[in-house]
Amino acid sequence: MSLEEIKTRITKAEQAAGRAPGSVQLIAVSKVQPNERVEAVLEQGHRCFGENRVQEAAGKWPDFASRFDGIDLHLIGPLQTNKARQAMELFDSIHSVDRPKLASTLARLAQEIGHCPDLFIQVNTGEEEQKAGVLPADADAFIAECRGLDLPIKGLMCIPPVDEEPALHFALLAKIAARNGLDGLSMGMSSDFETAIALGATHVRVGSAIFGERGYA
Ligand SMILES: *Cc1c(COP(=O)(O)O)cnc(C)c1O
């Protein structure tokens, strides 16, 4: 599949859901992809990308940013507090805020640096042991805590369990966001982004459908 095809499918899904054209942002997830593939997508004019590791992003994006204007970079993977400063300098958005210690570190650094990326709180909608994210039952309190720290919380993010119907998880995330007055919904990947758009996604994170399978060599 190509970038153009994915964009067309997003437009159709927006239409089908009665949503405004352009209301869904496509984050092209470039983790582990060879630089030539990323560059090809940059050359087609796309500027919004997602990475799941700070280190990997730091190794390639400063160079791309020096050659392509207007890059909008999203961190979609877990963030350790000792990498928070680097992440805040590198990324325009962070989708994985999921615990009080990280929230307070980001708040302190935001004061120091004088700016903060847009933030999304990750919710572990499937309550999976191995997965990051605040539990659904703790989400309201954690959102309030982040707001108390003056963090720019734009929305919520989830990664549904691989073996479950994603729609249930997207609907749960949308419900938590709505009752907390949050507009942003980062949900939907290569296999389910149309379902996510039907349920209100504002940011879809699509990797392999744009770039091809990841090598993990
Ligand atoms: C890798 C990744 C994606 C993209 O997955 P694809 O199935 O390749 O589209 C989306 N979100 C997160 C958090 C990821 O780590």
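Structure data summary
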item: Pairwise centroid distance, computed over Cα atoms, of the range 99-176 with the range 33-96, Å; result: 20
item: All-pairs Cα distance distribution in the range 3-211, expressed in whole percent, bin size 5 Å; result: 1, 7, 16, 19, 20, 17, 12, 6, 1
item: Whole-Hz ³J(HN,Hα) from phi, Karplus 6.51 cos²θ - 1.76 cosθ + 1.60, for the range 18-31, glycine and proline x; result: x, 9, 5, x, x, 7, 10, 8, 8, 9, 7, 7, 9, 3
item: Order of F68, F211, F49, F142 - criterion: other Cβ atoms within 10 Å of each residue's Cβ, fewest first; result: F68, F142, F211, F49
item: Contour minus Cα-Cα distance for D72 and N35 (0.36 nm per residue); result: 11.6 nm
item: Fewest-first ranking of S186, S66, S191, S96, using other Cβ atoms within 10 Å as the exposure measure; result: S66, S191, S96, S186
item: Over the chain: helical MRE at 222 nm, DSSP H runs n ≥ 4 each giving -39500 (n - 2.57), nearest 500; result: -13000 deg cm²/dmol
item: Aspartates and glutamates whose Cα lies under 19 Å from that of K31, excluding same-chain neighbours fewer than 8 positions away; result: E39, E43, E51, E56, D63, D72, E89, D92, D192, E213
item: Relative contact order %, the range 3-211, counting alpha carbon pairs below 8 Å whose residues are six or more apart; result: 21
item: When each of K12/K131; K101/K131; K7/K175 is checked by Cα-Cα distance, pairs over 21 Å; result: K12/K131; K7/K175
item: J(HN,Hα) series, the range 70-87, from Karplus relation 6.51 cos²θ - 1.76 cosθ + 1.60, nearest Hz, glycine and proline x; result: x, 5, 10, 10, 10, 8, 10, x, x, 10, 7, 4, 6, 10, 4, 4, 4, 4
item: Interchain or long-range residues, amide H under 5 Å from Q25's placed H; result: H203, V204
item: Sequence of M187, M88, M157 once ranked by neighbouring C-beta atoms within 10 Å, starting from the fewest; result: M88, M157, M187
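None of the figures in this text is laboratory data; all of them are computed from the coordinates on show. Remember, predicted model here, so these are calculated numbers, not experimental data. Glycine gets a Cβ as well: all are built from the backbone with ideal geometry, and neighbour counts include every protein chain shown.
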